[in-house]
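Nothing in this text is a laboratory measurement; each read-out follows from the coordinates by a stated rule. The shown structure was predicted, so the numbers you read here are calculated from the model rather than taken from an experiment. Ideal geometry is used to build each Cβ from the backbone, glycine not excepted, and the neighbour counts take in all protein chains shown.
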């Protein structure tokens, strides 16, 4: 007969071998020497060690395939980090934005719920999944222009954006740079608006010393491999409002009314005792649905990786800031060619990337520079969708625009970004910036 002691010993041996496997296979790849012109410099990538791999295999050996002990551990670490009551784990940052908007349509919110036709202030310069949930819920996005340099919402246009139909604000901290939270929070409070922070690119960023993701009624996070920490696919919704958290969990978990965790029964104490809708009294609460929801949960194996990544977040954040500062120093003297990024006043960004905007009337274009860098194995990206309203899928959406989105269009045509992630070494950064200098010199 197999004893618990034997099982524990076998598991320990397996996990020790997993750690050994990491050092044999993955460690050499992560620490391979950099060969300029031969080694590709990515804008982002996973940074991990044996702890993530051991956690992942440990979780798989339990074969608890849905959320379990690691999900509880990971969400607990995030709740402690943000100092909030609830962090709801999801399967992606995009799903997190969907859930945050969906939660505001709940009938349980009474007169404050969002209904089709209500307006949500946002920006067109960013990632589609910030705006798509607004459209998917038949709400009307109201697009405001952004500042070049911070790449965040131009708060001087908020008053013009407001109407009697305005009910919420949903905007991102662009590439880790906090938007003007003083102005946005004051505006939201003045008009009684919901505020959702898309914090997917800004884990660890601060405004006036306080973490972004803790200013709004809700915030969202992403753990995609390019982000500050990773679970592969994964995300979260952050809130310090237990009532909102319950609504978010309901929409995430098929829309069910019951809040018992998977594998648990009658934690709510009302499994067979209450009347819901026109269902028979005592209908099993586990199969009562108070919202039209989804299934957007994170698995325990993903959470196992995230829990190990959280232990590295402080180090990752410091490295991103160091890399950002080094790039800035290395690009000094090129201000006639590029608008260098600037942190929003009162903010301390945990930068997602390093963003450059070409000045007007240069002897080269953004595309030509990007092609040159790509040919030299340096990866860059544009600012996501550019101007979202010029994307094929968004041409015919119901929306309102404040002003001309002049800066948004300029960014679409003249802006790119490159990496600052912790896997970049000073050697790689010097190579990247030397290539930029070389290209500019050849075009003078």
(request) Looking at segment 62-309, send over the antiparallel percent of its DSSP beta bridges, to the nearest 5. (result) 45
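Packing-wise, with mean Cβ within 10 Å as the measure, how do 232-239, 290-297 rank, highest first?
Details: 232-239: 25.8, 290-297: 17.2.
With the highest mean Cβ count within 10 Å placed first, the list reads 232-239, 290-297.
Sorting 107, 197, 427, 79 on the 10 Å Cβ count, fewest up front, what's the list? All intermediate terms of the calculation are to be shown ahead of the outcome.
Details: 107 10, 197 28, 427 13, 79 16.
Least crowded to most crowded, the residues run 107, 427, 79, 197.
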(request) Kindly provide the helix-only [θ] at 222 nm of the chain, computed as the sum of -39,500 (n - 2.57) over DSSP H runs of four or more divided by all residues, to the nearest 500 deg cm²/dmol? (result) -11000 deg cm²/dmol
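Relative contact order, percent, of the chain when contacts are C-alpha pairs under 8 Å separated by at least 6 residues? Numbers along the way, then the final one.
Working: 886 pairs, mean separation 99.3, N = 444.
Computed value for the chain: 22 percent relative contact order.
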(request) Go through (1) 22.7, 65; (2) 23.6, 80; (3) 20.3, 64 and flag the label whose value is the computed Rg and Dmax of the Cα atoms in Å for this structure. (result) (2)
(request) Return, ordered by residue number, the residues of segment 176-196 whose backbone nitrogen is under 15 Å from a label point located 7 Å along Cα→Cβ of residue 159. (result) 183-184, 186-188, 190-191
(request) Just the number, please: percent antiparallel of the DSSP beta bridges in the chain, rounded to the nearest 5. (result) 55
(request) In nm, give the distance between the simple-model label positions of residue 368 and residue 26, each being 7 Å from the Cα along the Cα-to-Cβ direction. (result) 4.3
(message) Using the basic label-point model (7 angstrom from Cα toward the beta carbon), what is the residue 273 to residue 65 distance in nanometres?
(response) 3.4
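I'd like the antiparallel share, as a percent to the nearest 5, of DSSP beta bridges with both residues in segment 135-239. Could you put the intermediate results ahead of the total?
On the way: 7 of 15 bridges.
The antiparallel fraction comes to roughly 45 percent.
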(message) For segment 61-77 and segment 147-185, what is the centre-to-centre distance using only Cα atoms, to the nearest Å?
(response) 36
(request) Between residue 79 and residue 259, with labels modelled 7 Å along Cα→Cβ, what's the label distance in nm to one decimal, could you check? (result) 1.1
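Quick check on packing: order 38-45, 276-283 by the mean number of other C-beta atoms within 10 Å, highest mean leading. Before the final figure, lay out each step's value.
Details: 38-45: 16.4, 276-283: 10.9.
Peptide ranking by packing, descending: 38-45, 276-283.
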